[in-house]
Amino acid sequence: MRYLPVLGLALFLPFAQPVLADAEVVPATITVTGEGQVQAAPDLATVSLGVTTTGETAAVAMEANSAALTAVMERIKAAGIEDRDVQTSNLSLNPNWQQPDASQPAKITGYVASNQLTLRVRELAKLGGILDAAIGDGANTLNGISFGLDDPEPAMNKARVDAVQKAKARAELLVGAAGVKLGRIVSMSESGGYNPGPMPMYRMAEAAADAVPVAAGEVGLTASVTITFEIAQ
């Protein structure tokens, strides 16, 4: 019985040896960014226009506004713009305050009604005629035109591929200059979208003028890709 503790100690000695874990080696990495851009002819225009009217009373101002806007919308729809491409973006009715003399309190001299529409024009050849017709029927506010693509995904995919290729080429150049080689991809992230180009040119139509001239130009799509590579020693 006196030998049991000794035997037990001998049995457990192998398990009492310290275990030394190898220190984890973190590979060196390099992070680069590549930007790809594609230019494309737009096939979609977004127009913001509207009608602003005044009246002695709020009812008169709104009634005049509604009549003018109804005429504008009828002409727009007659030009082939579908209901899904016409949206009211802003409707307001405000008093017109005037204070001719600082010694007197401001008074309401009338009301201003404004109704703004956002249109999507899918046939750009009709854009000038649509603007001309809308202005001729009472639209007296034109806030701007922007151009884009109805389906930007194919063009964006080309920009993404270009961005990845440029990022990889940059990484290979840098590690090559350092005398090492590029390893596997550790992470990748993307950002991008429309690249704002020059604003389109337009003018208000005159009584006997032709359709409002509009130049669509091109739209740019930009993709930016950030990639982290391991560096192979």
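See the values below:
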read-out: Note, ³J(HN,Hα) from phi for the stretch 90-106, Karplus 6.51, -1.76, 1.60, rounded to Hz, x at Gly and Pro; value: 6, 9, 9, 9, 9, x, 9, 8, 9, 9, x, 10, 4, 7, 10, x, 5
read-out: Cβ-Cβ FRET estimate between Thr118 and Thr31, R0 fixed at 45 Å, reported to 0.05; value: 0.65
read-out: J(HN,Hα) series, the stretch 34-50, from Karplus relation 6.51 cos²θ - 1.76 cosθ + 1.60, nearest Hz, glycine and proline x; value: x, 10, x, 9, 10, 9, 9, 6, x, 10, 8, 10, 10, 10, 10, 9, x
read-out: Percentage, to the nearest whole number, of Cα pairs in the stretch 26-142 over 16 Å apart; value: 68 percent
read-out: Placed amide H near Gly192: partners under 5 Å, 5+ positions off or other chain; value: Ser224
read-out: Residues with amide H under 5 Å from that of Ala216, placed H, sequence gap 5 or more; value: none
read-out: Table column - 3J(HN,Hα) (Hz), the stretch 131-143, Karplus curve with 6.51, -1.76, 1.60, x for Gly and Pro; value: 5, 4, 5, 5, 5, x, 8, x, 5, 10, 10, 10, 8
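Quick note: the coordinates plus some simple rules give every number you see, no bench work behind them. Everything numeric here is computed off the predicted structure, so don't read it as measured data. Heads up, the Cβs are rebuilt from the backbone with ideal geometry, glycines too, and the neighbour counts pull from every protein chain shown.
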